[in-house]
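Report on the following structure.
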Amino acid sequence: MARDGMAPGRLDAATHWPGIIEVYRDFLPVGPSTPVVSLCEGATPLIEAPRLSERVGAEVYLKVEGANPTGSFKDRGMTMAISKACERGAKAVICASTGNTSASAAAYAARAGLSCAVLIPEGYIALGKLAQALIYGAKVLQVRANFDGALAIVRELAEKAPVTVVNSINPDRLEGQKSSSFEIVDVLGDAPDYCFIPVGNAGNITAYWRGFQEYEKAGRSTKLPAMMGFQAAGAAPIVVGHPVKSPDTVATAIRIGNPASWKGALDAAEGSGGSVRSVTDAQILDAYRFLAAQESVFCEPASAASVAGLLAYGAPAGSRVVCILTGNGLKDPDGAISQVSVPDAVDATLDDVLAGLDW
Ligand code: AN7
């Protein structure tokens, strides 16, 4: 069945999605002369999660950010950061990254014809993300440090070289990322009661909170959600109240010990009546497998922290909950394979296949 307002039987050019800058221009710091560098990011699925809803007794939706062009929510921020960098005449961009920022920066920089350098922590980046940064043509340096160490070098470097930092310390990034809150309100007709979200460098929770607030001020929603942020227990500086020197978690995307937007996360949690709490790696992996097997959404381990938080701490009966699934499961094939057993090959005979299927 065609949706209302859509021509049946074909894609309607009038409803083609041109990316978050064109759609939410009124809420973004862009002008008529800003060159828009877009890969049609945004408009990601907000899908109902019937089994999760049943399990927690709430009305739960999943915001599938892995459906963005490079497979993570970073594209929302990167379309803004790269467009604004171009407007200001930048020739090169740089970031430190646990992987997704580097993939997105590399893609949008290539699109804009900018050169891109990325610093990644040696040995702690999912294979798909490394592949992306390299194939999009970025200059990739593996640094013998964790993310926090790599970001410190990027900050230092930016003071000496004519290069734009596209980490979320760049305010344009958060401006773009707040667009996901707009989409959630547009689809649901109002803000949800709760927004569960993974927290690493804490830019995204800051951006979502800003988005919900701006939309409410503009009369697009009647309420604000409580922001529920979740760090991995081995990398939970905001929860323990001090930087963590050697953060450690299976969720490499959020293996961060000293978040740049620490204050933004606290403001979001406190200002919304929410909280920032931690979930263990075991809880993250349980949620990760549950989402794939029960809701057919294959996200990356860090993304599952939001649902792990919902499963661990719950939500009031009947409340409307949106869990943000920040990145695509295909980013981290090793993470998935480590959770399943890969079957041995069988001979290509009917008997062997039937025996292998155990039917
Ligand atoms: C899938 O790519 O920090 O709290 O360098 O990739 O805004 O940092 C990634 C972070 C959650 C946490 N989920 O978001 C990077 C990077 C996924 C992520 C986060 C990240 P923030």
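The values are calculated or read from the model by the stated rules, or taken from the named source; none is laboratory data. Values in this document were obtained by computation on a predicted structure and should not be read as measured data. Glycine also receives a Cβ, built like all others from the backbone with ideal geometry; neighbour counts cover every protein chain displayed. Accessible surface areas use protein heavy atoms only, side chains included; no ligands, DNA or RNA. Shrake-Rupley method; radii C 1.70, N 1.55, O 1.52, S 1.80 Å.
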Quick count over segment 172-196, residues being within 16 Å of the ligand (Cβ to nearest atom) and either free of Cβ contacts under 8 Å to residues at least 24 places away in the same chain or part of a loop (DSSP other than H, G, I, E, B) (or both), is 1
Give me the pairs, please: first residue somewhere in segment 52-67 and in contact (Cβ under 8 Å) with a residue 24 or more places away in the chain and within 13 Å of the ligand (Cβ to nearest atom), second residue anywhere and of a type in the set (A, V, I, L, M, F, W, C) and assigned to a helix (DSSP H, G or I), beta-carbon distance under 9 Å, and either six or more positions apart or on two chains.
LYS63/ILE184; GLY66/LEU330
So, in segment 17-46, exactly how many residues are surrounded by fewer than 17 Cβ atoms within 10 Å (Cβ to Cβ) and not in a loop (DSSP other than H, G, I, E, B)?
3
Take ALA293 and decide whether it is away from the ligand (no atom under 16 Å from the Cβ) and not acidic (Asp, Glu).
yes
Of the residues that make up segment 197-210, is at least one away from the ligand (no atom under 11 Å from the Cβ), in contact (Cβ under 8 Å) with a residue 60 or more places away in the chain and not hydrophobic (A, V, I, L, M, F, W, C)?
no
Hey, among PRO243, PRO259, which residue is within 22 Å of ILE153 (Cβ to Cβ), assigned to a loop (DSSP other than H, G, I, E, B), more than 13 Å from the ligand (Cβ to nearest atom) and out of contact with any strand residue (DSSP E or B) (no Cβ under 8 Å at 6 or more places or on another chain)?
PRO243
When residues of segment 313-331 are limited to those that are within 16 Å of the ligand (Cβ to nearest atom) and among the polar types (S, T, N, Q), the one most open to solvent (accessible area, probe 1.4 Å)
ASN328
Residues (under 11 Å from the mean Cα position of the chain (by Cα), among the small types (Gly, Ala, Ser) and within 25 Å of CYS40 (Cβ to Cβ)) located in segment 176-207:
SER180, GLY203
From ALA106, ALA110, ALA92, which residue is touching a Ser or Thr at 6+ places or on another chain (Cβ under 9 Å), closer than 24 Å to THR44 by Cα and either open to solvent by 10 Å² or more (accessible area, probe 1.4 Å) or not β-branched (Val, Ile, Thr) (or both)?
ALA106
Only one of (1) in contact (Cβ under 8 Å) with a residue 40 or more places away in the chain; (2) of a type in the set (S, T, N, Q); (3) open to solvent by less than 10 Å² (accessible area, probe 1.4 Å); (4) farther than 17 Å from GLY19 by Cβ fails for THR98. Which number is that?
(3)
Does ARG144 qualify as being more than 13 Å from the ligand (Cβ to nearest atom), open to solvent by 60 Å² or more (accessible area, probe 1.4 Å) and touching a residue at least 60 places away in the same chain (Cβ under 8 Å)?
no
Could you check LEU357 against (1) of a type outside the set (Lys, Arg); (2) within 12 Å of the ligand (Cβ to nearest atom); (3) open to solvent by 70 Å² or more (accessible area, probe 1.4 Å) and say which number it fails?
(2)
